Each structure stands twice: as structure tokens, then as C-alpha cells.
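Throughout, read-outs are computed from the coordinates displayed, never taken from laboratory work. Computed from a predicted structure; not experimentally measured. Reconstructed Cβ throughout: ideal geometry from the backbone, glycine too, with neighbour counts over all protein chains shown.
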Amino acid sequence: MEFMSHLEQVNRLWRKDNRILLEHISLYYALFTWWYCYGNGQQVAISSERMMQRSKIKSKEMYEETLEELDAYGYITYRPSNVKGQPATIAIHSFDLETKVKTNTDERELVFKGFTSDMLFDWFVRRRRA
């Protein structure tokens, strides 16, 4: 995934998505740069303290809410850890010009040529491993 091209595509989506607030953008940039540097196109472990510091989010509740919303809106895949001391993982979704994010809050799945975000994530992981 080309860094600037991806950010341009995400910015186009954000302009059309009235749910996106400053904290979403700030956290997304922190997550994306971390994922780009250390994830090699796959899931990457994240530290809440580090991501909060990089995104300038001071409240743990705001951080968790924003992270869950980015996942629900289809911009990332967030997998929280169920084990204390284990890091959560994230993966960034790949977008192209045919991608759009539904704005209906009852239908918060990524639309990508008819695939759900889970199907896309699985395809993305398999593609990167090949």
C-alpha cells in the first residue's frame, strides 16, 4: 500500500463521512503510521499509552470509544485483547475509488464491491501472506 495514496483516499472518504471528528483523524493517523512502519500490511500490536500519546488523546475512555468507532465505521479492524497485559491488534483497511463507507449508523459495515469488512480483512491477510 502506497502511503500518500492511501491517505488521500481516506481523506476523500472523511470529507463525505459526517461522523468523523478530530479525534478520529488524529487516532487514525497515529494508528496508520504505526501499522505502516511495523505491520508489514498485516495486523500489528498496539500500545494504548503510545497511541494516546501520538494522537494527543488524554482520556482512556475517549481513546477506546474512538478506536471502537473507527472499527465500526469500517476504517480499521480492531481486535481488543481479552488477556490482561496482552496488546490489542489493529489492521488498516485498504481503500480504492470504489470504496465507500455507509453513513447509516445501523449499517456500519465497510462496503467494498459487495464485501463486508470481515471478508475484506480475511482477504487482505491472505493476500499479504502469499
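Using the crude model of +1 on Lys and Arg Cβ and -1 on Asp and Glu Cβ, and no other charge, please compute the dipole size for the range 1-77 relative to its Cα centre, in debye to 20.
Taking the Cα centre of the range 1-77 as origin, the dipole is about 260 debye.
Could you list TYR75, TYR28 in order of exposure, starting from the residue whose Cβ has the fewest other Cβ atoms within 10 Å?
TYR28, TYR75
Of TYR29, TYR38, how do they rank once you tally other Cβ atoms within 10 Å and put the fewest first?
Least to most surrounded, the residues fall as TYR38, TYR29.
Neighbouring Cβ atoms within 10 Å as the yardstick, rank MET51, MET4, MET62 fewest first.
In increasing order of surrounding Cβ atoms, one gets MET4, MET62, MET51.
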